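**Student:** Have a look at this one.
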Amino acid sequence: MPDNADVGEWKRIVPDENELPGVVIFAVIFAAFAVLFAGMVLVAPGKVVGWWGMSSAIALCAGMACFLWRAGRTGVHFGPRGVLVHPATRAAEVVPWDEFVRFEVRPERAAGVAPRGAVVHVVRTTGDPVATPLKQSIDADWNRTFYFFEVVLSEVEFADALARLNAWAVAYTSRE
């Protein structure tokens, strides 16, 4: 298992690798606007009326493109080195196969709020759980909605995702 792993070694299991989240399309649109605004500055710098506004527009579009691109990669990925938990707002974390025990569902906890819904966790040999961005929907209106920070699945899809993750885990750990 190589230590210098690149993104190409990871296979996204949930959400399905073949699903192109809508946020990726918006990331491309924001990136195009950032390039357009930067091109306007480079081609005709004398015609830029407000440098502050133009530089702010470029920064905003580039920042949104980066954030949305990252949100589009949110999910749980498998690879030769282990399980990659890729949330949108925190650094991605790899749980090596030799530390992996199982996937487990736990109630969603938020400070000062009663538990609503459930979250898939990766359980390590140390007992420390790693929360994934996979959440069970708490309302029918939320089913199959991809939010910027998490993947919200209906009850049936959530159970299917958990079964799929555990099946892939068995396949990966049996190859070791």
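The values are calculated or read from the model by the stated rules, or taken from the named source; none is laboratory data. Everything numeric here is computed off the predicted structure, so don't read it as measured data. Glycine also receives a Cβ, built like all others from the backbone with ideal geometry; neighbour counts cover every protein chain displayed.
**Student:** If you go through region 50-91, how many residues are exposed (fewer than 14 other Cβ atoms within 10 Å of the Cβ) and assigned to a loop (DSSP other than H, G, I, E, B)?
**Tutor:** Qualifying residue count, region 50-91: 5.
**Student:** Being of a type outside the set (S, T, Y) and in contact with a Cys (Cβ under 9 Å, 6 or more places away or on another chain): is that true of F33 here? Let's see the steps before the verdict.
**Tutor:** Working: of a type outside the set (S, T, Y): yes; in contact with a Cys (Cβ under 9 Å, 6 or more places away or on another chain): yes.
Spelling it out, F33 is indeed of a type outside the set (S, T, Y) and in contact with a Cys (Cβ under 9 Å, 6 or more places away or on another chain).
**Student:** Considering each residue of region 9-35, count those that are over 16 Å from G82 (Cβ atoms), modelled with pLDDT under 85 and outside any loop (DSSP other than H, G, I, E, B), and give that number. If you could, list the steps in order and put the result at the bottom.
**Tutor:** Taking region 9-35 and keeping what is over 16 Å from G82 (Cβ atoms), we get 15-35.
From what is left, the residues that are modelled with pLDDT under 85 are 15-27.
Next, only the ones that are outside any loop (DSSP other than H, G, I, E, B) stay: 22-27.
Residues in region 9-35 being over 16 Å from G82 (Cβ atoms), modelled with pLDDT under 85 and outside any loop (DSSP other than H, G, I, E, B): 6 in total.
**Student:** Please give the number of the condition L84 fails out of (1) modelled with pLDDT under 90; (2) not assigned by TED's automatic domain parsing to the domain that holds I29.
**Tutor:** Every condition holds for L84 apart from (1).
**Student:** Oh, and also: Give me the pairs, please: first residue somewhere in region 44-69 and at positive phi and among the aromatic types (F, W, Y), second residue anywhere and modelled with pLDDT under 85 and crowded, with 16+ Cβ neighbours inside 10 Å, beta-carbon distance under 9 Å, and either six or more positions apart or on two chains.
**Tutor:** From residues that are at positive phi and among the aromatic types (F, W, Y), there are no pairs.
**Student:** Suppose we filter A118, A161 for residues that are over 20 Å from R81 (Cβ atoms), touching an Asp or Glu at 6+ places or on another chain (Cβ under 7 Å), crowded, with 18+ Cβ neighbours inside 10 Å and at pLDDT below 90; which single one remains?
**Tutor:** Numbers: A161 fails: touching an Asp or Glu at 6+ places or on another chain (Cβ under 7 Å).
One residue alone meets the criteria, A118.
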